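Every number here is computed from the coordinates shown, using simple stated rules; none is lab data. Predicted, not measured: the structure shown is a model, and the values here were computed from it. Cβ coordinates were reconstructed from backbone atoms using ideal geometry, including for glycine residues, and neighbour counts include every protein chain displayed.
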Amino acid sequence: MSADTTTKPTRKAPKHDWRKFDAMTDEQRRAAALRDPDAQPLTPADFKRMVRTPQVKVIRRALGLTQEEFATRFRIPLGTLRDWEQGAATPDQSARAYLTVIARDPDAVRRALAPAE
């Protein structure tokens with residue numbers, strides 16, 4: 001390979017110049033955002049139709065577990081766990097309840113799932 005055919009990656013210039021934004025007050029920023037039809041604030045009706053889903057990746061990381069360890073410990077199929085974390089699937093109501101219990105008291109879940117003596 002000759003030196004003529006290799007190129008060194010160059011750093012691209014940023015797409016946006018933030019100086020104008022930085023010079024705005026909070027009120028000016030809010031007014032500018034409200035003028036954008038794609039950036040309207042959520043209404044109470046929007047919040048009512050939304051479903052709060054436990055963030056399984058956050059729970060897993062807080063417990064210091066890999067995907068494999070979390071799936072094994074809490075008997076969740078690894079593929080399902082990965083789908084939840086990647087947003088390819090959403091936990092159903094019973095799975096959301098289970099994830100909430102795991103988040104609040106993982107030791108209780110571990111004890112409950114331990115083999116009977």
Contour minus Cα-Cα distance for R29 and K57 (0.36 nm per residue) | 6.8 nm
Paramagnetic reach from E68 (point 7 Å along Cα→Cβ, amide N under 18 Å) across the stretch 77-117 | 77-83
What angle do you read, to the nearest 10 degrees and between 0 and 90, between the alpha-carbon axis of helix 26-35 and the longest principal axis of the chain?
-> 90 degrees
Please report the base-10 log of the normalised intensity I(q)/I(0) for the stretch 49-113, using a Debye sum with one equal scatterer per alpha carbon and no solvent, at each q in 0.23, 0.25, 0.26, 0.28 (1/Å).
-> -1.00, -1.20, -1.30, -1.50
If you put +1 on each Lys and Arg Cβ and -1 on each Asp and Glu Cβ, how big is the dipole of the chain around its Cα centre, in Debye rounded to 20?
-> 160 debye
Quick shape check on the chain: root eigenvalues a ≥ b ≥ c of the Cα gyration tensor, a/c under 1.5 is rounded, otherwise prolate if a/b tops b/c, else oblate, and it reads oblate
